[in-house]
Amino acid sequence: MSNAATNEPTEVSDLDLFAPDIVADPFPTLDRLRELSPAVHLSRYDFWVLTRYDDVRAAARDWQTFSSAEGVALTPEFNERLAGSILSADPPEHEQLRAVLREKLAPRGLSAVREQIRSYADRLVDGLVERRTFDGVADLAAVYPINVVADLVGLPLEGREKLHPGADAIFAAFGPFGSYAQEHLDALISYQVWMEAMTDRAKIAPGGWGETILDAVDDGRLNRLSAVKAMSAYMTAGMDTTVNAVSAMLRLFAERPDVWAELKDEPTLAGPIFEEILRLESPVQGFWRVTRRDAEVDGVAIPAGRRVMLHWAAANRDPRHYPRPTEFELRRNPVDHLAFGYGIHGCAGQGLARLEAAELLASLLERVDRFELAGDVERRGNPIVRSLRSIPLRVVPTGARP
Ligand code: HEM
């Protein structure tokens, strides 16, 4: 199909980006799409996908053309549920929603909770190192960020077991309503019912994010529905994402003992390693926008009113931007990666995610000499969040006799 307004023909493909075999290893398909055209129309779900670094970044910055206000998920049903949340707002509403937790997530707000996070990491890691064998996902990656964020919000302990399955199900629902989303629907509903009940001062601890959100309702900056959405958005966005970034790091250390050994010698590599893992894995693979006006992506025309996926994961492996993009490079330190998105919707919790990773790594560095894989790594089939189900690990504690 050619387009009169531009030089490039529109490439159309009927491939199913969310088929289980592609979700299991999306990168060869993403490479093909990236080489085919700057924007490919995926006819099965009727959206365009952008896969090149410069194009994804430019579209994320241009919210006037690539709007979030009609939802950043694929289906109209789920976008309806997202309406009024920070993710699905354009300015000026977006600015109001973002302002609510800005101070808590700014460097000063984060330094106030650093010790609390570190002491939690230490307690958790102490228990696991004592056990020697544990599951890197179920016992560590899925426990640590969930409890860090739930503590910051001020949520009760009872009911937290709904959080990770719920967040996983919510992320899946951003994509097509396929088998994974259907199988996890109960977890999504039970999470939402629980979160709704939490917008009650009697249930949450004073001084946390939850109270800040309810204060914004009381002084008229938010309505009650937006408060539920704000609480849920910060919880959801802060969980499965970090869970999977931490999982990917643990897997790396078990599969590449040389990386852990270098980090032990040079602890300042902790930050660069986290950024490189985020670039390679992109826990959130991509979100959508809707064109508010006719758009042009590197010579390809996309008419107004069409859904466009900004594929963070594909952009983060674009060889035009990162040489040897599939390699893990210890010293690459790709701080310009798009795993946290970019532009006005760029991740509000990226400082917290980096802090969580830094404190966990510091704790592990003190206590663990070596990680070993103690079984097969299993992946989840979530179409939107690149995620692991299980990493059986054995650790050799620091100072242990051989
Ligand atoms: C490694 C961990 C994380 C990753 C990979 C990640 C990824 C992302 C991405 C890609 C976006 C952009 C969405 C868009 O452009 O449509 C985003 C937005 C967001 N993230 Fe994160 N995130 C992480 C951790 C966190 C944490 C810890 C929190 C807070 C507790 C958080 C809260 C948010 C919020 C509230 C937004 C919406 C921002 C807005 O729309 O203005 N995220 N995140």
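Tabulated values for the structure
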| read-out | value |
| --- | --- |
| Asp376, Asp55, reordered so the largest accessible area comes first (probe 1.4 Å) | Asp376, Asp55 |
| Distance (nanometres) between label positions extended 7 Å along Cα→Cβ at Arg132 and Asp298 | 5.2 nm |
| Solvent-accessible area of His94 with every protein chain in place, 1.4 Å probe, in Å² to the nearest 10 | 10 Å² |
| Rg to Rh, two decimals, where the chain supplies the alpha carbon set and Rh follows Kirkwood | 0.96 |
| Probe 1.4 Å - accessible area at Asp46, Å² to nearest ten | 70 Å² |
| Top of Ala353, Ala24, Ala73 by mean-square fluctuation, Gaussian network on the chain, Cα under 10 Å | Ala24 |
| Chain lengthening between Val113 and Leu36 when straightened (0.36 nm per residue, less Cα-Cα) | 23.1 nm |
| Point-to-point label distance, Ala83-Glu366, nm (Cα→Cβ direction, 7 Å offset) | 5.1 nm |
| Efficiency of FRET between Arg102 and Asp21 - r from beta-carbon atoms, R0 60 angstrom, step 0.05 | 0.90 |
| Nearest-10 value in Å² for the accessible area of Leu33, using the 1.4 Å probe | 0 Å² |
| Values of log10 I(q)/I(0), in the order q = 0.16 Å⁻¹, for segment 90-236 under a Debye, Cα-only, solvent-free model | -0.98 |
| Surface accessible to a 1.4 Å probe, per residue, for the residues of segment 11-397, Å² | 40 Å² |
| Arg320/Glu266 FRET efficiency (R0 25 Å; Cβ-Cβ; nearest 0.05) | 0.25 |
| All-pairs alpha carbon distance profile, segment 133-200, 5 Å steps from 0, percent | 3, 17, 23, 22, 18, 12, 4, 0 |
| Probe 1.4 Å, all protein chains present, accessible-area order of Glu255, Glu77, Glu275, largest first | Glu77, Glu255, Glu275 |
| Kyte-Doolittle mean at least 0.0 and Cα axial length at least 27 Å: DSSP H helices in the chain | 224-255 |
| Exposure ranking of His337, His345 by accessible area [1.4 Å probe, largest first] | His345, His337 |
| Full-extension gain in nm, Asn333 to Leu157, via 0.36 nm per residue minus C-alpha separation | 59.7 nm |
| Net length gained if the chain between Glu255 and Val193 were fully extended (0.36 nm per residue, minus Cα distance) | 18.4 nm |
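The values are calculated or read from the model by the stated rules, or taken from the named source; none is laboratory data. Computed from a prediction, not measured in an experiment: that's the story for all the values here. We place every Cβ from the backbone using ideal geometry, glycine too, and count neighbours over all the protein chains shown. The area values use the complete protein model at the heavy-atom level, side chains included, leaving out ligands, DNA and RNA. Shrake-Rupley method; radii C 1.70, N 1.55, O 1.52, S 1.80 Å.
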